[in-house]
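Notes follow once the structure below has been shown.
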Amino acid sequence: MEDKFFKRLDDRAAKAHELLVAGRVGELTDATVLGWANFVISLWFRTPTDIDGLGEFVDAFKDPDFSESKLGMATPEALPDGAYSALQMEAVREAIYDPALNQALVDMNWYSLETETSRRFMISDWPTHTAQNLPFLGHPNSYIAMPISPKRIFIAAASDTFIHEVLHTPQAFLVDRVNEGIVAHARHFVGYADEGEVPFIKSHFASAPRPSVAGTIRN
């Protein structure tokens, strides 16, 4: 799946990442904006937990009763080799390229902020920091904050007021809050640049309930 789909998606996002890391948001073209939007949304569907969730959803169609209730027809007992993995791949593709989700992200205010504090951003299998108890996209208060380098963070917000508030937030506090959210929602790994962060990671790792977008689709 990674080679067939995600690598192509990552390659399309590479130019946008290069410009965002350089702080050159104004140079993003329509194509690079859309490529980056696809990439960010894909991060909610490509974790091991979410891939497993989609796999369970697809596997459920092997049950004739489930298939009958969802599709109005029983799934044939014998499908060609790879049919279920192809269906899983299609579910991932449809979710990532969903027009409404992508348009909501494209329409947000985008900003690339470089921090000047000594502490660096971390990364994990859940690399986006989002508003709690709100839709990831489409709500007036929705936002996404995602480290794109150890010293720089990508921010997308429905409200330009939110961007203004972030820019006037003490950077040490901002880095701490983002790192806490990224580590607390991690389930598989955390990437960090300073060995001194290990106690922080141990204290916060997997300490917050994490929404599963793919699980929602499955359910």
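The values are calculated or read from the model by the stated rules, or taken from the named source; none is laboratory data. Keep in mind that what you see is a predicted model, and the values were worked out from it rather than measured. With ideal geometry, Cβ positions are generated from the backbone for all residues, glycine too; neighbour counts draw on all protein chains shown. The protein model used for the area step is the full one, side chains on, heavy atoms only, and it has no ligands, DNA or RNA in it. Shrake-Rupley method; radii C 1.70, N 1.55, O 1.52, S 1.80 Å.
Computed with a 1.4 Å probe over protein heavy atoms only, the accessible area of residue 107 comes to about 110 Å². Peptides 39-46, 22-29, 135-142 ranked from most to least packed give 39-46, 135-142, 22-29, packing being the mean of other C-beta atoms within 10 angstrom over each peptide's residues.
Rounded, prolate or oblate: which fits segment 102-219 when a ≥ b ≥ c are the square roots of the eigenvalues of the alpha-carbon gyration tensor, with rounded for a/c under 1.5 and prolate only if a/b beats b/c? Note, shape of segment 102-219 comes out oblate. Sequence-ordered 3J(HN,Hα) estimates for segment 142-159 from the Karplus curve with 6.51, -1.76 and 1.60 and θ = phi - 60° stand at 5, 7, 9, 10, 9, x, 10, 6, x, 10, 9, 10, 8, 10, 10, 9, 5, 10 Hz, glycine and proline given as x.
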